[in-house]
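Following: one structure in structure tokens, then a few remarks.
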Amino acid sequence: MFKAILIEKPEETQSVSITELSEDQLPEGDVLVDVAYSTLNYKDALALTGAAPVVRRFPMVPGIDFSGVVAESNHPDFKPGDRVVLNGWGVGETRWGGLAGCARVKGDWLVPLPEGISSKQAMAIGTAGYTAMLCVLALERHGVTPEAGEIVVSGAAGGVGSVAVALLAARGFDVAAVTGREAEAAYLRDLGASSVLDRSELTGKPRPLNKERWAAGIDVAGSTVLANMLSMMKYRGVVAACGLAAGMDLPASVAPFILRGVTLAGVDSVMCPKPDRLAAWQRLASDLDMAKLEKITVEVPFEEVPQIAPKFLDGAVRGRIVVPVTPELG
Ligand code: NDP
């Protein structure tokens, strides 16, 4: 038996409980993993609160990611004792996820944890940090270099934003961190931001084109924030868009694309092909300052997960939350 968080929806409203499950209740898969750590991402908060239809099947063990140690494997790439990390693939949405002592998954979904990243650090990074890395890689793929000019990051004090600021600064980029929380300015400068802007600079009614300000951007907000960011890109600027914290809509015009050659690069972490995942985790191992990661991470006890989740939806969580499940696994 192992502990697990379970979301059930017998009728109209869903309920969340902490319970015990047994291995024979787990879904099919060729690798059984003992979960060391999980985490809370924005999407987990949506799942746990029921604020959006993230969970597609009930009952569901939430948790879109986990790190741990392989217990049993019928997959050629993994053997018992291997340290692994999993992000996405519908885990915690359509398949039982990481907020449980054990998870059975497809071995094809697992990434071997790179040397230099512990199970705890892997979940301090979590899907938010891995997505931040995918965003940085998307900018690089489109030729963005530190010489091009300042990079703007929205939702900078959140999970994706905090890791993105740290990664870009470590790579030598000047970073303009956009936040709705003035009190987090010192935190963002400590992560490496060269300037901190109030979110209101990106929430006015978007104009087709605005004064050119940034060489590139990473956006976690969508909606008006992304529309304004696009309108303020320099000629041939690139925006990596990954989130919807402000909304799903995009009230923009084509002007930045057809008059300034701006590129809008979409970033999805869930179905991202394995070679890109491996590259992202390798770059996290080489680029991310683990001392900074520790500073942006708070540990929340497993039992408190249901109470913490709603704070995400208020935009009140700073940095990353890590959840120890079986931390003695190391
Ligand atoms: P967090 O809640 O940790 O961070 C989101 C941040 O966005 C907040 O901290 C806040 O930062 C800012 N924010 C909140 N509300 C608004 C608003 N109305 N307008 C503008 N900014 C706002 O979430 P994560 O960092 O984990 O995730 C960020 C987004 O990225 C989410 O929408 C999530 O679903 C998405 N995501 C997408 C992935 C993908 O595969 N495409 C993978 C991972 C995440 P501040 O106070 O500093 O302004």
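Residues in segment 171-184 that are small (G, A, S) and more than 10 Å from the ligand (Cβ to nearest atom): 2 in all.
Results for (1) of a type in the set (G, A, S); (2) under 14 Å from G97 (Cβ atoms); (3) free of Cβ contacts under 8 Å to residues at least 24 places away in the same chain, shown as yes or no for each residue.
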position	(1), (2), (3)
E23	no, no, no
V35	no, yes, no
A47	yes, yes, no
G50	yes, no, no
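For R83, indicate whether it is out of contact with any Ser or Thr (no Cβ under 8 Å at 6 or more places or on another chain) and touching a residue at least 24 places away in the same chain (Cβ under 8 Å). Answer is no for this residue. Here no strands (runs of 3 or more DSSP E) wholly within segment 197-303 include at least 3 residues being of a type in the set (K, R) and surrounded by fewer than 19 Cβ atoms within 10 Å (Cβ to Cβ).
Report yes if some residue within segment 152-165 is in contact with a Ser or Thr (Cβ under 9 Å, 6 or more places away or on another chain) and either surrounded by fewer than 24 Cβ atoms within 10 Å (Cβ to Cβ) or assigned by TED's automatic domain parsing to the domain that holds W89 (or both); otherwise report no. No, segment 152-165 has no match at all.
Within segment 228-267, the residues that satisfy the criterion of being within 12 Å of the ligand (Cβ to nearest atom) and within 23 Å of F173 (Cβ to Cβ) are N228, M229, A240, A241, C242, G243, A245, A265, G266, V267.
Could we say that A185 is surrounded by fewer than 24 Cβ atoms within 10 Å (Cβ to Cβ) and outside any loop (DSSP other than H, G, I, E, B) here? Don't jump to the end; show me each part of the working.
Values: surrounded by fewer than 24 Cβ atoms within 10 Å (Cβ to Cβ): yes; outside any loop (DSSP other than H, G, I, E, B): yes.
Yes.
Looking at segment 67-170, the strands (runs of 3 or more DSSP E) lying wholly inside it that each contain 3 or more residues that are farther than 20 Å from D44 by Cα and either more than 13 Å from the ligand (Cβ to nearest atom) or hydrophobic (A, V, I, L, M, F, W, C) (or both) sit at 151-153.
Per-residue answers, yes or no, for (1) farther than 22 Å from V160 by Cα; (2) buried (at least 18 other Cβ atoms within 10 Å of the Cβ); (3) assigned by TED's automatic domain parsing to the domain that holds V160; (4) among the hydrophobic types (A, V, I, L, M, F, W, C):
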| residue | (1), (2), (3), (4) |
| --- | --- |
| E8 | yes, no, no, no |
| E11 | yes, no, no, no |
| Q14 | yes, no, no, no |
| D24 | yes, no, no, no |
| E28 | yes, no, no, no |
| G50 | no, no, no, no |
| R57 | yes, no, no, no |
| S67 | no, yes, no, no |
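Considering only residues that are of a type in the set (G, A, S) and touching a strand residue (DSSP E or B) at 6+ places or on another chain (Cβ under 7 Å), look in segment 133-151 and name the one that is surrounded by the fewest Cβ atoms within 10 Å (Cβ to Cβ). Ranking the qualifying residues of segment 133-151, first place goes to G149.
The values are calculated or read from the model by the stated rules, or taken from the named source; none is laboratory data. The structure presented is a predicted model; accordingly, all values stated were derived computationally and were not measured. FYI the Cβ positions are ideal-geometry reconstructions off the backbone, even for glycines, and counts take in every protein chain you see.
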